[in-house]
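The values are calculated or read from the model by the stated rules, or taken from the named source; none is laboratory data. All figures in this text were calculated on a predicted structure; none of them were measured in a lab. All Cβ positions, glycine included, derive from the backbone under ideal geometry; neighbour counts span all protein chains shown. In case anyone asks, the SASA skips ligands and DNA or RNA and just uses the protein heavy atoms, side chains included. Shrake-Rupley method; radii C 1.70, N 1.55, O 1.52, S 1.80 Å.
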Amino acid sequence: MGEFVDCRSASVEREARPLCVPPKPGAGALYYVFDPASPANRLFHGFSADPSRLAHSNRVLRGFATDQIRAQPLDYARAAGSDFLRFLTPGERSRGTSDRALELATVLNPVVRDRWFPRYEPPHATSAARDYVRLVHAPRWLLALLSLASLAVVALPGAVHGRRETFLFTGAGLAMLVGAAATSEFVLRYLEPSVPLLATGGALACSALAARVRAPRPEPTAVASPT
């Protein structure tokens, strides 16, 4: 949202006025949330450990964000739509070092660990999850094709075997990506939970399309000629 801030067309409460800063070129959601130099962090001095102060800053920021979206719905839709498509675009990478999370590092940043996860111990499944990330690859062009196949099955007229199951799996996977794009930005690791859903829904869709192609076509009805 910070990428298209324009307070000239939005109603902004007095406390949120310091957030009316021209967008920083090339900066994304992670900058506006976590960077100490971002307008929100300068105004509220980062995340507070006091629940009441945190609730107050959340209220102000939520109100500012929704006011900006109401004033510029097309800019918001364009930004969210662009980020959603990047999830299925081969070669797209996240800003900054976000993609390092895909490596599933065993050691958290000590400052973050001690503040938010005291006495944290990595789970035993970490090594297995890291092996999975290293060995299993889901090309994004393939995920895009499987998603299109699923949409085709959902849109087909008449009774289609597996339509509801396809809608469930693929719909859930795409909804997760839409939610990430609508509330944050394109970060590649957000794709990970959707991969098995899109793959399963796409496989069901391909099976349904193949069965539709192989199905015998009804014989044309003979029309009696007039005597």
* Rounded tilt (10° steps) of 195-214 against the dominant C-alpha axis of the chain -> 20
* To do: Output the peptides 176-186, 198-208, 8-18 sorted from most to least packed, where packing is the average of other Cβ atoms within 10 Å over each peptide's residues.
  => 198-208, 176-186, 8-18
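Any idea what diffusion coefficient segment 1-50 gets from Stokes-Einstein, in µm²/s, Kirkwood Rh on alpha carbon pairs, 37 °C, 0.692 mPa s? Walk me through the numbers on the way to the answer.
On the way: Rh = 11.6 Å.
In µm²/s, the coefficient is 284.
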* Mean Cβ neighbour count within 10 Å, used as a protection proxy, ranking 53-60, 36-43 highest first -> 36-43, 53-60
* To do: Find out how many positive minus negative residues lie around ASP6, taking Lys and Arg as positive, Asp and Glu as negative, among other residues whose Cβ is under 13 Å from that of ASP6.
  => -1
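Counting only protein heavy atoms and a 1.4 Å probe, tell me what percentage of segment 1-101's accessible area is made up of carbon and sulfur.
Values: 3600 of 6180 Å².
It is 58 percent, rounded to a whole number.
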* Show me 27-35, 146-154 ranked by packing, highest mean number of other Cβ atoms within 10 Å first. => 146-154, 27-35
* Once Rg and Dmax of the Cα atoms in Å is worked out from the coordinates, which option in (1) 24.0, 94; (2) 18.0, 66; (3) 16.3, 53 does it equal? -> (1)
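Net charge near LEU156: determine it from the other residues with C-beta under 12 Å of the C-beta of LEU156, scoring Lys and Arg +1 and Asp and Glu -1.
Details: positive: ARG163, ARG212; negative: none.
Net of charged neighbours comes to +2.
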* To do: Can you give me the three principal axis dimensions of segment 153-203 from its C-alpha atoms, in Å, biggest first?
  => 38, 19, 11
* Structure fact -> Over the chain, with neighbouring protein chains present, the accessible area per residue in Å² at probe 1.4 Å is 66
* **Per-residue [θ]222 nm for the chain (sum of -39500 (n - 2.57) over DSSP H runs n ≥ 4, rounded to 500)** => -17000 deg cm²/dmol
* Asked: For the chain, what relative contact order do you get, as a whole percent, if you take Cα pairs closer than 8 Å and at least 6 residues apart?
  -> 20
